[in-house]
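The values are calculated or read from the model by the stated rules, or taken from the named source; none is laboratory data. Note that this is a predicted model, so its numbers are computed, not measured. All Cβ positions, even for glycine, are placed from backbone atoms using ideal geometry, and neighbour counts span all protein chains on display. Heavy atoms of the whole protein, side chains included, go into the accessibility calculation; ligands, DNA and RNA do not. Shrake-Rupley method; radii C 1.70, N 1.55, O 1.52, S 1.80 Å.
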Amino acid sequence: MVAGEASGDLLASLLLSGLKARWPALSAAGIGGPRMQAEGFDAWWPSHKLSVFGYLDALRHYRELVGIRNQLRDRLLVQRPDVFIGVDAPDFNFGLEQPLKAQGIRTVHFVCPSIWAWRGGRVKKLAAAADHVLCLFPFEPALLAEHGVAATFVGHPMADRIPLEVPQAEARAALGLADSDTVVALLPGSRRSELRYIGPVLLEAAVRMDRQRPGLRFILPVVPGLEAEVQALVARHAPGLDLQCLAGQSHEALAACDLTLIASGTATLEAALFKRPMVITYRMHWLNWQYMRHMAYLPWVGLPNILLRDFAVPELLQHAATPEALAREGLAWLADAPRRERLQARFTDLHHMLRQDTARKASDAIAQVLGA
């Protein structure tokens with residue numbers, strides 16, 4: 001297995017739990033993070049090695065990434081596992097899956113690349129790389145079938161793990177927050193590049209919100225290894241703010257909060273499953289932005305909006321992602337209880353749609369690939 005970043009580590013760990021329930025003697029190895037290792041995974045390389053974003057970041061780490069991929073490919077071709085599972089990270093995994101598949105090793109890709117949101121030939125690469133694709137969203141298998149790619153809708157594992165009724169009181173008690181507090185969660189993303197480009201904007205937006213509505217409580221989950229960077233950003237952009245930095249605990253933060261200002265990505269879907277109003281934002285290096293803005297063909301970027309096919313929550317991207325705009329949209333959510341209730345109902349419907357017992361369905365699909 002190969003999983004990159006915190007989100008891939010989480011998805012892979014949930015998949016591993018289902019595979020182990022079906023095959024108790026299963027052994028798994030490759031590239032993974034702490035959650036996968038807690039399931040008995042043998043991490044030959046840590047998942048954070050793949051935590052790059054954008055073309056400039058990838059170029060800076062190109063030689064190291066290619067070296068790791070080549071070493072892993074050669075090792076797997078010698079050991080010949082029953083199946084290789086690439087979890088997301090398509091730029092890395094497709095280049096690994098294709099030679100493995102060509103040499104007769106069965107390959108499964110978990111998480112369909114967002115061919116429905118971005119133009120381009122990734123679907124052709126996917127067809128060459130994967131024997132089967134495990135899809136998180138119900139409309140994806142039909143799209144892949146048009147290109148001859150076998151796929152199964154397995155739902156989203158986070159929809160199984162996150163309770164339908166959010167335990168807000170318990171989460172607040174665990175974080176030392178009062179039931180009467182109005183809590184805003186800041187989630188700038190898990191990559192260093194995201195923290196660099198998005199972190200300052202979220203912190204400055206929080207300062208503006210606090211000025212206009214004194215007494216707000218702010219919480220910020222910090223990815224392990226980024227504590228120093230976060231402390232420096234807080235000291236520079238939000239000194240004196242009533243901000244509680246958390247050791248990870250992003251799910252506790254989402255359960256506890258009344259609102260989140262959040263970077264576009266997997267975390268926005270998790271926020272939707274926690275039924276939380278949000279303001280989605282993203283900023284990146286201007287060269288990456290110039291390239292990617294011409295690749296998108298849907299009007300939405302955030303996963304909740306894409307799945308609901310509506311601007312259910314605001315999206316503030318690149319130049320529109322200013323502290324003033326984020327603060328304005330955040331305060332608008334806090335001032336409008338009926339709007340929050342309508343959104344909660346839509347997110348509840350979405351949660352039911354994605355709750356499919358993913359670990360079992362995924363292990364069933366993999367068993368069919370293996371003929372087991």
Subject >> Mean projection area, nm², convex hull over Cα of the chain >> reply: 17.6 nm²
Subject >> Set of aspartates and glutamates with alpha-carbon distance to LYS20 below 18 Å, sequence-local pairs under 8 removed >> reply: ASP9, GLU39, ASP42, ASP82, ASP160, ASP357, ASP364
Subject >> Shape category assigned to the range 137-260 from the gyration tensor of Cα positions, a/c cut at 1.5 >> reply: prolate
Original post:
Averaged per residue, what accessible surface does the chain expose to a 1.4 Å probe, in Å²?
Top reply: 44 Å²
Original post:
Taking the Cα centre of the range 98-253 as the origin and placing charges on Cβ (Lys, Arg +1; Asp, Glu -1), which of PHE218, ALA171, PRO113 is farthest toward the positive end of the dipole?
Top reply: PRO113
**OP:** Any chance you could look up the accessible area of GLU229 with a 1.4 Å probe, heavy atoms only, rounded to 10 Å²?
**Re:** 70 Å²
Original post:
Say the cut-off is 31 Å between C-alpha atoms; which of LYS124/LYS275; LYS275/LYS361; LYS101/LYS275 go over it?
Top reply: LYS124/LYS275; LYS101/LYS275
Original post:
Mind listing the phi-derived Karplus ³J(HN,Hα) values for the range 151-165, rounded to whole Hz, using 6.51, -1.76 and 1.60 with θ = phi - 60°, and x for any glycine or proline?
Top reply: 7, 9, 7, 10, x, 10, x, 5, 5, 6, 7, 7, x, 4, 9
Original post:
Using the alpha-carbon centroid of each, what span in Å lies between the range 75-148 and the range 260-276?
Top reply: 26 Å
Original post:
Which whole-Hz ³J(HN,Hα) couplings does the range 89-97 yield from phi under the Karplus relation 6.51 cos²θ - 1.76 cosθ + 1.60, θ = phi - 60°, glycine and proline marked x?
Top reply: 6, x, 4, 7, 6, 4, x, 8, 5
Subject >> Under 5 Å, built H, 5+ apart or other chain: amide partners of LEU246 >> reply: LEU220, VAL222
Original post:
Percent of accessible area on the range 169-214 owned by carbon and sulfur, 1.4 Å probe?
Top reply: 46 percent
Original post:
For the charge dipole of the chain, defined by +1 on Lys and Arg C-beta atoms and -1 on Asp and Glu C-beta atoms about the Cα centroid, which residue among VAL66, ILE306, GLN37 has the Cα displaced farthest towards the positive pole?
Top reply: VAL66
Original post:
How large, in percent, is the carbon and sulfur part of the accessible surface of the range 242-281 at a probe radius of 1.4 Å?
Top reply: 45 percent
Original post:
Which peptide among 355-367, 180-192, 141-153 comes first, and what is the full order, when sorted by highest mean count of other Cβ atoms within 10 Å?
Top reply: 180-192, 355-367, 141-153
Original post:
Using θ = phi - 60° and the Karplus form 6.51 cos²θ - 1.76 cosθ + 1.60, what ³J(HN,Hα) does each residue of the range 63-73 get, whole Hz, x for Gly and Pro?
Top reply: 5, 5, 5, 5, x, 5, 5, 5, 4, 5, 4
Original post:
Long-range amide H contacts for SER114: which residues qualify at under 5 Å (H placed 1.01 Å from N, peptide plane, sequence gap of 5 or more or a different chain)?
Top reply: none
Subject >> Under 5 Å, built H, 5+ apart or other chain: amide partners of ILE85 >> reply: VAL2, VAL108
**OP:** Could you size up the charge dipole of the range 175-275 around its Cα centre, putting +1 on the beta carbon of Lys and Arg and -1 on that of Asp and Glu, and report it in debye to the nearest 20?
**Re:** 320 debye
Subject >> Debye, to nearest 20: dipole size of the chain, +1 on Lys, Arg Cβ, -1 on Asp, Glu Cβ >> reply: 760 debye
Original post:
Using every alpha carbon pair in the range 209-285, what percent of pairs falls into each 5 Å bin from 0 up to the bin containing the largest distance?
Top reply: 3, 13, 22, 25, 24, 11, 2
